[in-house]
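See structure below.
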Amino acid sequence: MSEPTVHVIDDDAAVRDALRLLLRTEGHEVTTHGSAVDFLAGVDRAATGCIVTDVRMPEMTGIELLLKVKNMGLSLPVVVISAHADVPLAVQAMKEGALDLLEKPFTDESLLSAVRQALAYDSGKRARDLQAQEIQRRLTTLTSRENEVLAALLRGQPNKIIAHELGISVRTVEVHRANVMAKMQAGSLPELVRMSLVQAPRAEREAGGQSEPNGEATGQSTGEPTGER
């Protein structure tokens, strides 16, 4: 994974140089861009870090950049800076996904604080995404029957009710339940519930509210113990 980088975008060279010096003094990796167009032309979709961008720039404004970043699926949080940070602009910037908005002139500490927050947000988001991906990988190892038992467990149903609804024995439910816990690497039912809560928002983002493919979609067997259905 690439080193987290602060991407400074401003059409004023003096501002770019000043921000680069300030941020590098604090130990941050920094790249500067004279326009949003230049930044987008060279950005790596897997880039980590954050963006610090001016609002009023030729070719593409900071607000338009926010839209592009969102449409391209870039996960870099954005800090917007402007000499004209009125309420309508602030509302628009936040609505389009800006993490923070600073009005020029701002103090060094204000900018550094905003950048620290943005980098922490980026790091935390990527950690959550990796966790969700791992949970999804585990989910794909479940058979269709195990997915049915999992769904019932997440609804809070006891084994007897699950057995009645699925037309199988309580003992078979217990076997499937143990398999689910083992495959999901969950030490307890509350931990299994927490995993489902982590996975749900990601599935909604990627599938427009639809759940991710389960073991049934992967062509796995139901894993039904012999003699039980």
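Give me the pairs, please: first residue somewhere in the stretch 91-102 and acidic (D, E), second residue anywhere and open to solvent by less than 50 Å² (accessible area, probe 1.4 Å) and assigned to a strand (DSSP E or B), beta-carbon distance under 7 Å, and either six or more positions apart or on two chains.
Qualifying pairs under 7 Å: D100/V79.
Please work out which residue is farthest from V15 (Cα to Cα), limiting yourself to the stretch 95-115 and to residues that are open to solvent by 90 Å² or more (accessible area, probe 1.4 Å) and in a helix (DSSP H, G or I).
Applying the filter and picking the extreme gives K95.
Among the strands (runs of 3 or more DSSP E) contained in the stretch 1-58, which hold 3 or more residues that are within 24 Å of E109 (Cα to Cα) and open to solvent by 20 Å² or more (accessible area, probe 1.4 Å)? It would help to see each step written out before you state the result.
On the way: elements: 5-9, 29-33, 49-54.
The qualifying strands (runs of 3 or more DSSP E) are 29-33.
If we keep just the residues of the stretch 132-143 that are open to solvent by 20 Å² or more (accessible area, probe 1.4 Å) and under 22 Å from V173 (Cβ atoms), which is modelled with the highest pLDDT?
Looking at the filtered set, the residue picked out is T141.
Just the residues that are among the acidic types (D, E) and under 26 Å from the mean Cα position of the chain (by Cα), please, taken from the stretch 11-43.
Answer for the stretch 11-43, where residues must be among the acidic types (D, E) and under 26 Å from the mean Cα position of the chain (by Cα): E29, D38.
What's the number of the condition R128 fails, among (1) in contact (Cβ under 8 Å) with a residue 60 or more places away in the chain; (2) surrounded by 15 or more Cβ atoms within 10 Å (Cβ to Cβ)?
So R128 meets the others, but not (2).
The values are calculated or read from the model by the stated rules, or taken from the named source; none is laboratory data. Bear in mind the structure is a predicted one, so any value in this text is a computation, not a measurement. Every residue, glycine among them, receives a Cβ derived from its backbone with ideal geometry; neighbour counts consider all protein chains shown. Quick note on the areas: whole protein, heavy atoms, side chains included, nothing else; ligands and nucleic acids left out. Shrake-Rupley method; radii C 1.70, N 1.55, O 1.52, S 1.80 Å.
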